[in-house]
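Heads up, the thing below is written out as structure tokens.
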């Protein structure tokens, strides 16, 4: 049974909304990204990028090593594949920072949570670029750092709007 009240479905059902600079810039300052892991000619955030459209199949052909990878993947049913890719990239010695929906009730989130080093729960909605209706849900930043993993990732509420 659905909850009473209006649906929170976005008017624009695109799954590839772009990251606004007010979120990307403080993360770039912290991590100094060398690769954008899900980009295309019109929206890459870093000079070196995988694409052309952020499809997992395109990114899977890339085998980076010792990079700092930013990734705002397409949302939807393919997120489990992206998490698998982030784990593989991390195991190759890369830092991976991923902007993901707050989907704590999903299998992909469980896999991300049990393999990453840190989860930042973003305080406030992110105004993604390319949508006409705004972000209808929460957002997290999952971070995979090289080296031994903690027993549980460090998880905290991050007010990204106060970072710059």
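The values are calculated or read from the model by the stated rules, or taken from the named source; none is laboratory data. What you see is a predicted model; the values in this text were computed from it and never measured. Here the Cβ positions follow ideal geometry from the backbone for every residue, glycine too, while neighbour counts run over all protein chains shown.
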**Asked** Tell me, which residue of segment 5-17 that is closer than 14 Å to residue 125 by Cα and surrounded by 15 or more Cβ atoms within 10 Å (Cβ to Cβ) is modelled with the highest pLDDT?
**Response** 17
**Asked** Among 126, 97, which is the only one that is over 17 Å from residue 37 (Cα atoms), in contact (Cβ under 8 Å) with a residue 40 or more places away in the chain and surrounded by 18 or more Cβ atoms within 10 Å (Cβ to Cβ)?
**Response** 126
**Fill in**
Selection over segment 46-75 where residues are modelled with pLDDT of 75 or more, under 13 Å from the mean Cα position of the chain (by Cα) and in a loop (DSSP other than H, G, I, E, B) yields a count of 4
**Request:** Give just the number: which of (1) at pLDDT 90 or above; (2) touching a strand residue (DSSP E or B) at 6+ places or on another chain (Cβ under 9 Å); (3) on the phi > 0 side of the Ramachandran plot does residue 117 not satisfy?
**Result:** (3)
**Message:** Please go through segment 76-114 and give me each residue that is in a loop (DSSP other than H, G, I, E, B), closer than 23 Å to residue 147 by Cβ and in contact with a strand residue (DSSP E or B) (Cβ under 8 Å, 6 or more places away or on another chain), ordered by number.
**Reply:** 94
